[in-house]
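This report concerns only the one structure given below.
The values are calculated or read from the model by the stated rules, or taken from the named source; none is laboratory data. Everything numeric in this text was worked out from a predicted model, so none of it was measured. Cβ coordinates were reconstructed from backbone atoms using ideal geometry, including for glycine residues, and neighbour counts include every protein chain displayed. Heads up: the accessible areas ignore ligands, DNA and RNA and are worked out on the full protein's heavy atoms, side chains in. Shrake-Rupley method; radii C 1.70, N 1.55, O 1.52, S 1.80 Å.
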Amino acid sequence: MTITEKILAAHSGKEQVSAGELINAKVDLLLANDITAPIAITEFKKIGAKDVFDRERIAFIPDHFAPQKDIKAAEQCKMLRDFSKEYNLGLYFEVGRMGVEHALLPEQGLVVPGDLVIGADSHTCTYGALGAFSTGVGSTDVASAMATGECWFKVPESIKFIYYGKLNKWVSGKDLILHTIGDIGVDGALYMAMEFEGETIASLPMSGRLTMCNMAIEAGGKNGIIVPDEITEHYVKGRAKREYKFYSSDKDATYAEIKEYDCSKIPPTVSCPHLPSNTKPATELSSVTIDQVVVGSCTNGRIEDLREAAGIIKGKKVNPDTRMIVIPATQQIYLQAVKEGLAEIFVEADAVFSTPTCGPCLGGHMGILAKGEKAIATTNRNFVGRMGHPESEVYLSNPAVAAASAVLGRIGTPEEVI
Amino acid sequence: MILKGKVWKFGNNIDTDAIIPARYLNTSDPDELAKHIMEDADKEFPSKVSAGDLIVAEANFGCGSSREHAPVAIKAAGIQAVVAKSFARIFYRNAFNIGLPIFESEEASGKIKEGDEIEVDADKGIIRNITKNEEYTAKPIPPFMQELISAGGLIEWTKKRIKAS
């Protein structure tokens, strides 16, 4: 069996499962945010369950339109708080304690290797980086699981992606996943598990692994997953709030397909409007002027990402025709960035240093684009209207390319500014 | 169940941001959401669409976000069903969970044009193009999904399970 099949089997009380099988599985943790939890709460109440299945395994995180951007958003956030009080939920994160959900939960050790996690947010697939099975579902799925602690799944087929060779300078997990999506397309892994492995992954830090699994959904994947190793152990040790288990794929496991990538041939990569699969080397886009740069999100808002961007922009200024918005993904990352002097570097460079929020990534608040404006962002989607006006444009990149582009006022590479 | 109506045609990779842009997600009221249905794919769509119409699209319909607001908005706009070559997986689950009929058919997706009058026999999985006098077959709905449909959606299905246990 693959690691995905093993985790699904273990959570459905079966010795073995295989691709295509429908199972009902126990959930270790479920989550929802201020956009999706209101529907989950309404639907949960319709079920008429006496209580939630486990008050320590339901995480409610107001992060999308929080800090509350308008009255309607405030009402939605309040639903989460009221419900959490009513049911005495242990994992409600108020503004000031919250962060972007998929950065917060691994950081706090609330998701651990071997877990089965569902979330009413498509980027729930992020936790596969820890060797967990995690996938995005709808609010009604979460409502049902809040009552029963279970969820139905079709066991996915797996595609194995093998990465070998040394990473080029300024190439990170983001470039590997953008390149992969560019290769297979936005439905290249539809309904499937994307299992990432190979020597390059073996030496990729956890931050890069989280970025890769985060974007599995952009290829249509059900989950992204990496077999846990020493890097995983190092990350979860001292952090994990529950016992964890390392699963691995058998040598004779079945894969629908095996893809191999020579990483020495992957340059800093940018996804052009309006699909994540529309990738080009950053060097080919130097004619694209940029109005806004965003460094943040569940994809690239971790401390390593902020360090990378700060390293480029230190002692320089954001181009006068460009604005730069830096959003640490959690309070802990925010504080760390302050302590390390990263916040100062950004502010000195004329960038905005924001409190944690999903904010502009989904066109919510804190950096919306006007008609005709172009942004380069370390986020995950560049669909029409994603960051604002339907006639604005979003380019996706890693933090180093985003920071270099902020200095240049156009898309560019770190070599051009260092 | 027979679903008969006029078709609005869309292309590949219609994402959930196009179906219901995030800027309207500070509410989950279905009627409010319906006012902005498909707005970023076709600005005029909310004023053009009528209750009883159907959507036919190409591959990977509903990709992107997990927002259940997408199928909810389609349903609230009075659209009877969506036929596509393929659906993104979270949208697929959400549609069954909330009771929006969806059908996968490469042939129907390829041959049906905007403005065609079609008739979907939901139980038999047959799509008839009245305008062109053609008939296409949809992929069979998996037995578990049929169970969800006959229960009246996931919430009703869950209620039954809780009662039975």
Problem set entry | Cα-Cα over 27 Å, subset of A:Lys50/A:Lys245; A:Lys154/B:Lys132; A:Lys50/B:Lys124; B:Lys75/B:Lys139 | A:Lys50/A:Lys245; A:Lys154/B:Lys132; A:Lys50/B:Lys124
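Just checking the output field for A:363-376: average partner chain Cβ neighbours within 10 Å of each residue's Cβ? The partial results should precede the final answer.
Values: counts 6, 4, 2, 0, 0, 1, 0, 0, 0, 0, 0, 0, 0, 0.
Other-chain Cβ atoms within 10 Å of each residue's Cβ, averaged: 1.
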Exercise. Peptide A:130-141: average number of partner chain Cβ atoms within 10 Å per residue?
Worked result: 5
For this session: Assuming 0.692 mPa s and 37 °C, estimate D for the protein assembly as shown with Stokes-Einstein, Rh taken as the Kirkwood radius over Cα pairs, in µm²/s.
Result: 138 µm²/s
Problem set entry | For region A:267-416, alpha-carbon Rg and Dmax in angstrom | 13.6, 39
Exercise. What aspartates and glutamates could a cross-link reach from A:Lys259, if we take a straight Cα to Cα line under 20 Å and drop same-chain neighbours fewer than 8 places away?
Worked result: A:Glu5, A:Glu157, A:Asp175, A:Asp183, A:Asp187, A:Glu195, A:Glu197, A:Glu199, A:Glu218, A:Asp250
For this session: Work from the charge dipole of region A:267-416 (Cβ charges, +1 for Lys and Arg, -1 for Asp and Glu, about the Cα centre) and give the residue of A:Leu275, A:Thr322, A:Val407 farthest towards its positive end.
Result: A:Leu275
Problem set entry | For region A:267-416: lysine pairs under 24 Å (alpha-carbon distance), excluding those fewer than 8 apart on one chain | 8
Exercise. For the protein assembly as shown, with every protein chain kept in place, what is the accessible area per residue (1.4 Å probe, Å²)?
Worked result: 36 Å²
Exercise. Past the 25 Å Cα-Cα mark, which pairs from B:Lys43/B:Lys113; B:Lys4/B:Lys85; A:Lys237/A:Lys265?
Worked result: A:Lys237/A:Lys265
Exercise. With the Cα gyration tensor of chain B giving a ≥ b ≥ c as the square roots of its eigenvalues, does the rule (a/c under 1.5 for rounded; else a/b larger than b/c for prolate; else oblate) give rounded, prolate or oblate?
Worked result: oblate
Problem set entry | Computed label-point distance, nm, for sites B:Asp29 and A:Arg81 using a 7 Å Cα→Cβ extension | 2.2 nm
Seminar exercise, completed: Treating only Lys and Arg (+1) and Asp and Glu (-1) as charged, each at its beta carbon, one finds that chain A has a dipole about its Cα centre, in Debye to the nearest 20, of 640 debye
Seminar exercise, completed: With 0.36 nm assigned to each residue of separation and the Cα-Cα distance removed, A:Ala370 to A:Glu340 gains 7.4 nm
For this session: Mind grabbing the accessible area of A:Met1 for me, 1.4 Å probe, Å², rounded to tens?
Result: 40 Å²
Exercise. Between A:Lys237 and A:Ala74, 0.36 nm times their residue separation minus their Cα-Cα distance comes to what?
Worked result: 55.0 nm
Exercise. Summing Lys, Arg as +1 and Asp, Glu as -1, what charge do residues with Cβ under 10 Å from the Cβ of A:Ile35 carry, A:Ile35 excluded?
Worked result: -3
Problem set entry | Local net charge near A:Val384, Cβ-Cβ under 13 Å (Lys/Arg +1, Asp/Glu -1) | -2
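Net charge near A:Cys263, counting Lys/Arg +1 and Asp/Glu -1 over other residues with Cβ under 11 Å of its Cβ? Mind dumping the intermediate values first?
Details: positive: A:Lys166, A:Lys265; negative: A:Asp175, A:Glu199, A:Glu260, A:Asp262.
Result for the neighbourhood of A:Cys263: -2.
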Exercise. Among the aspartates and glutamates, which have Cα under 18 Å from the Cα of A:Lys241 when same-chain residues fewer than 8 positions away are ignored?
Worked result: A:Asp28, A:Asp54, A:Glu56, A:Glu101, A:Glu107, A:Asp115, A:Glu233
Seminar exercise, completed: Checked against the positive end of the charge dipole of region A:135-217 (+1 on Cβ of Lys and Arg, -1 on Cβ of Asp and Glu, about the Cα centre), the farthest of A:Ile177, A:Thr211, A:Leu167 is A:Leu167
Seminar exercise, completed: Once B:Glu58, A:Glu195, B:Glu119 are ranked on solvent-accessible area with the largest value leading and a 1.4 Å probe, the list reads B:Glu58, B:Glu119, A:Glu195
Seminar exercise, completed: Once accessible area is computed for A alone, B alone and the pair with a 1.4 Å probe, the total buried surface, to the nearest 100 Å², works out to 3700 Å²
